[in-house]
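Each remark here refers to the structure printed beneath this line.
The values are calculated or read from the model by the stated rules, or taken from the named source; none is laboratory data. Model, not experiment: these values are computed from the prediction. In this analysis, Cβ positions are derived from the backbone assuming ideal geometry, glycine residues included, and neighbour counts consider all displayed protein chains.
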Amino acid sequence: MKKYSTTKDNGEVTMRDLATGVTLQWMEGEPNTLRVASLGSVRGSECTRIAQAMTTYAYDRGLLKEASPTMLIKYNARQAVGKQIRKARKAKGLTGQQLAERCGLSQSHIARIEAGRYNVTTDILAIIAHALGTEITIK
């Protein structure tokens, strides 16, 4: 009997425990990207135990791969840029929606950039920096 349902889409792996409904999502090769999409019918330490079992299953079956040094550099750069943008936006007293409007982008796009989940182009970075009246650097 099948224990998990699994889908993989654009580097995002989603797994659902069929018995409990616990649903997890990962961005392949990126650290710290596990999200619990649904707790299903369990709570607390039981959810943790199931999540650990699902993660082990995903690595054992090759659904997930360890982050390479290059992937970690990219991840850390996206996180650093996102934090700078969020800090500058908040210092200006702007909401994500207001910044998005100033840049001609969607609010969800700004949210993904600030969360470090989107590989933003230099063109978009320039637009955001201009809208915030600041410089954005990679440290």
Check: Any idea which residue in region 108-119 is farthest from Gln97 (Cα to Cα), counting only those that are of a type in the set (A, V, I, L, M) and at pLDDT 90 or above?
Finding: Ile113
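How many residues are part of a loop (DSSP other than H, G, I, E, B) and either touching a Pro at 6+ places or on another chain (Cβ under 8 Å) or crowded, with 16+ Cβ neighbours inside 10 Å (or both) when one looks only at region 64-113? Talk me through it step by step, then tell me what you get.
Our first condition is that a residue be part of a loop (DSSP other than H, G, I, E, B); within region 64-113, this holds for 64-68, 92-95, 104-106.
Of the ones still in play, those that are also either touching a Pro at 6+ places or on another chain (Cβ under 8 Å) or crowded, with 16+ Cβ neighbours inside 10 Å (or both) are 64, 67, 94, 105.
Of the residues in region 64-113, 4 are part of a loop (DSSP other than H, G, I, E, B) and either touching a Pro at 6+ places or on another chain (Cβ under 8 Å) or crowded, with 16+ Cβ neighbours inside 10 Å (or both).
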Check: Mind checking whether some residue in region 73-84 is farther than 30 Å from Ala129 by Cβ, under 13 Å from the mean Cα position of the chain (by Cα) and modelled with pLDDT of 85 or more?
Finding: no
Notebook entry, point to check: For region 84-94, how many residues meet the condition of being of a type outside the set (Gly, Ala, Ser) and out of contact with any helix residue (DSSP H, G or I) (no Cβ under 8 Å at 6 or more places or on another chain)?
Noted result: 3
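Can you say whether Tyr4 is more than 30 Å from Leu132 (Cα to Cα), of a type in the set (Phe, Trp, Tyr) and at pLDDT 90 or above, as far as the supplied structure shows? Give the derivation first.
Numbers: more than 30 Å from Leu132 (Cα to Cα): yes; of a type in the set (Phe, Trp, Tyr): yes; at pLDDT 90 or above: yes.
Spelling it out, Tyr4 is indeed more than 30 Å from Leu132 (Cα to Cα), of a type in the set (Phe, Trp, Tyr) and at pLDDT 90 or above.
Taking Val13, is it under 21 Å from the mean Cα position of the chain (by Cα), closer than 19 Å to Gly116 by Cα and touching a residue at least 40 places away in the same chain (Cβ under 8 Å)?
On the way: under 21 Å from the mean Cα position of the chain (by Cα): yes; closer than 19 Å to Gly116 by Cα: yes; touching a residue at least 40 places away in the same chain (Cβ under 8 Å): yes.
In short, yes.
If we scan region 99-108, do we find a residue that is polar (S, T, N, Q) and in contact with a Lys or Arg (Cβ under 9 Å, 6 or more places away or on another chain)? Write out each step before concluding.
Here is the first cut: in region 99-108, the residues polar (S, T, N, Q) are 106-108.
Now restrict to residues that are in contact with a Lys or Arg (Cβ under 9 Å, 6 or more places away or on another chain): none.
Looking through region 99-108, none of the residues is polar (S, T, N, Q) and in contact with a Lys or Arg (Cβ under 9 Å, 6 or more places away or on another chain).
Just wondering, is there one or more residues in region 40-51 that are in the same structural domain as Asp123 (by TED's automatic domain parsing) and surrounded by 18 or more Cβ atoms within 10 Å (Cβ to Cβ)?
No, region 40-51 contains no residue that is in the same structural domain as Asp123 (by TED's automatic domain parsing) and surrounded by 18 or more Cβ atoms within 10 Å (Cβ to Cβ).
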